[in-house]
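Structure, as C-alpha cells:
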Amino acid sequence: MFLEIILFLFIGTLFGIVFGLLPGIHPNMLVLLIPLFISLNLEPFLFLSFVVALAVTNNIVNFIPSILLGAPDSGNELSVLPGHKMLLDGNGHNAIRLTVLGSLYAIVFCAIIFPLIIFIVPFLFLAFSPYIYAILLSIVLFMILAEEGAKKIISLTVFFLSGIIGLVIAHVPVDNTLVLFPVISGLFGISMLVLQMRGKTEIPAQRHKEMFLSKKLVNGSVISGSVSGILAGLLPGIGSSEVASLASMDRNPNSFLIRLSALTSSNILLSIMALWLISKSRSGVSVLVEHMMAISFIETVFVLIIALISAGIASAATLLLSRAFVSIIGSIDYRLLGFLVITFIVALVAAFTGFYGMFLLIVSTCLGVFTNLAGIKRGIMMGVLILPTILFYLS
C-alpha cells in the first residue's frame, strides 16, 4: 500500500503541474469527474493521495501563468498585477520565487500549528458564523475608503456592478462549479491581456539572481497569510479571494506575493481539513473528497503529510520551470502570446459553459477593462462574491 500511495502522489503531482501550467484549468473542475472516480473504486487513501497532491501542486505551479501570462485561476487573480510589474522590471523569476516561498512555508506552518488548529478552528467557526455579513462589510468599506478622492465613488460603483454579476450567476444555467470560471477570467485575466495588446509590450531580459529577503518580511507575510487562509477556509461564504482582497492593500510587492500565496495554500489545505473539523466542504476539491470517503482524524493527518511532500516536489518543479520560461519569454511575441492565451480561455469557456458563459465572460471583461483604466484597486471586483454573500447572511 505504501508504494501505491507514493505512486498516486506522484501521479497527482504530475497532473497538478500540467493543470497549473494551463491557464483557466482549476482543480475544482475535478468535481465533474465524480462518476468516473466512483467507477474506478479506488482505495480511499490512494484517491486522497492523488487529489491532495494535485490540488496543492496546481496552486503552486499556477502562479507561473498568472504572473507570466496574466491568466489567473480563482484565488490567484490578485497576483497578476504586482507579479506582472516585477516581470516587466526583469524580476519575473523572483516574483514566482516569492509565491513558492509563501506556498511551501504556509503548508509547513499549518503542519506546525496543527494541534492548535484542531482546537481553535471549530470554536472560531461557531463564534464567527453569525457575523459573516459584518466581517465582509468591513472588508469592503476598508477597500473603498483606501482609495483617493473621487476614486472612492468609482470603487463603490465597481463593487456593486461586480456584485450584480455575482447575483446573476446564481440564476444562470451553468454548473455552479464552473460558473466562476468565465467571470474570474474576464474580470482579472482577459481584461488585462486586452489592454496589454493595445500597446507593444516588451519583456526585458530577466535577472536570475535571487533577491535578498529578510527573515522578518518572509516570516511575517507567511504567518499573516496562513492565518488569513485558515480563516477563509473555515468561514462559510468567505474564500481565499475575498480575504486576499485585504492583502491587495499591501504596497510592497514582495510581502504581497508571499502573503497571497501563503493564503491560497493554507486555504486549500483547510478546505479539506474542514470536512473533519467542522463537517463542512469549503471547495470543489473538498466536495469531491466528501463524495468519495469519510474524513476522520487519521485521514486529516494523512492529508497534511501528502500536502507537505507534494508541496516540496511542486516547489522544486516550479522554480525549475520558472527559470526555463523566463529565459525564453523575452524572445516571444507578447501580443501573439496574449492572443493565444485569450483564444485558449475563450475556447474553454465556450466548451464548458456555453452561450451563458460566453456572455458572462464578455460582461466581466468589460468591467475589468473599465476598472483597470479607472486606476482603482482591482481587488474591489471581488464584489462578485462578497455582495451575494452579504445579502445571503442578511436575509
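Looking at the stretch 23-64 only, could you name the residues that are at pLDDT 70 or above and over 21 Å from Leu104 (Cα atoms)?
At the first step, the residues of the stretch 23-64 found to be at pLDDT 70 or above are 39-64.
Result: Ser39, Leu40, Asn41, Leu42, Glu43, Pro44, Phe45, Leu46, Phe47.
Taking the options Leu116, Leu101, name whichever one is surrounded by fewer than 24 Cβ atoms within 10 Å (Cβ to Cβ), in contact with a Leu (Cβ under 9 Å, 6 or more places away or on another chain) and at pLDDT 90 or above.
Working: Leu116 fails: in contact with a Leu (Cβ under 9 Å, 6 or more places away or on another chain).
Only one candidate passes the filter, namely Leu101.
When the stretch 279-299 is examined, which residues are found to be within 22 Å of the chain's Cα centre (by Cα), among the β-branched types (Val, Ile, Thr) and surrounded by fewer than 24 Cβ atoms within 10 Å (Cβ to Cβ)?
Looking only at the stretch 279-299, we keep the residues that are within 22 Å of the chain's Cα centre (by Cα), and these are 280-290.
From what is left, the residues that are among the β-branched types (Val, Ile, Thr) are 285, 287, 289.
Of everything in the stretch 279-299, just one residue is within 22 Å of the chain's Cα centre (by Cα), among the β-branched types (Val, Ile, Thr) and surrounded by fewer than 24 Cβ atoms within 10 Å (Cβ to Cβ), namely Val287.
Being more than 22 Å from the chain's Cα centre (by Cα) and open to solvent by 80 Å² or more (accessible area, probe 1.4 Å) is the filter here; which residues of the stretch 352-364 pass it?
Of the stretch 352-364, the ones more than 22 Å from the chain's Cα centre (by Cα) are 354-356, 359.
Across the stretch 352-364, the qualifying residues are Phe355, Tyr356, Phe359.
From the residues in the stretch 309-344 that are open to solvent by less than 50 Å² (accessible area, probe 1.4 Å) and at pLDDT below 85, which one is nearest to Phe19 (Cα to Cα)?
Val341
Name the residues in the stretch 144-190 that are touching a Lys or Arg at 6+ places or on another chain (Cβ under 9 Å) and polar (S, T, N, Q), would you?
Ser155
Of the conditions (1) assigned to a loop (DSSP other than H, G, I, E, B); (2) touching a residue at least 12 places away in the same chain (Cβ under 8 Å), Thr99 fails just one. Which one is it?
Unmet for Thr99, out of (1) assigned to a loop (DSSP other than H, G, I, E, B); (2) touching a residue at least 12 places away in the same chain (Cβ under 8 Å): (1).
What about Ser279, is it in a loop (DSSP other than H, G, I, E, B) and on the phi > 0 side of the Ramachandran plot?
For Ser279, the condition - in a loop (DSSP other than H, G, I, E, B) and on the phi > 0 side of the Ramachandran plot - is met.
Find the residue count for the stretch 107-145, including only residues that are within 18 Å of Gly163 (Cβ to Cβ) and touching a residue at least 12 places away in the same chain (Cβ under 8 Å).
10
When you go through Val194, Val168 one by one, which is the residue that is β-branched (Val, Ile, Thr), modelled with pLDDT of 90 or more and part of a helix (DSSP H, G or I)?
Details: Val194 fails: modelled with pLDDT of 90 or more.
Testing whether each residue is β-branched (Val, Ile, Thr), modelled with pLDDT of 90 or more and part of a helix (DSSP H, G or I) leaves just Val168.
Which numbered condition trips up Ser79, out of (1) hydroxyl-bearing (Ser, Thr, Tyr); (2) surrounded by fewer than 24 Cβ atoms within 10 Å (Cβ to Cβ); (3) at pLDDT below 70?
Unmet for Ser79, out of (1) hydroxyl-bearing (Ser, Thr, Tyr); (2) surrounded by fewer than 24 Cβ atoms within 10 Å (Cβ to Cβ); (3) at pLDDT below 70: (2).
Using the structure shown, decide if Asp73 is over 15 Å from the mean Cα position of the chain (by Cα) and at pLDDT below 85. Even if it seems obvious, please write down each step before you answer.
Working: over 15 Å from the mean Cα position of the chain (by Cα): no; at pLDDT below 85: yes.
Answer is no for this residue.
So, of the residues in the stretch 155-198 that are touching a Pro at 6+ places or on another chain (Cβ under 9 Å) and of a type in the set (Val, Ile, Thr), which turns out to be surrounded by the fewest Cβ atoms within 10 Å (Cβ to Cβ)?
Among those residues, the one meeting the criterion is Val174.
The values are calculated or read from the model by the stated rules, or taken from the named source; none is laboratory data. Only a predicted model underlies this, so the values are computations on that prediction, with no experimental measurement involved. Please note: Cβ atoms are built from the backbone with ideal geometry, for glycine as well, and neighbour counts cover all protein chains shown. We work out accessible area using only protein heavy atoms, side chains counted, and drop any ligands, DNA or RNA first. Shrake-Rupley method; radii C 1.70, N 1.55, O 1.52, S 1.80 Å.
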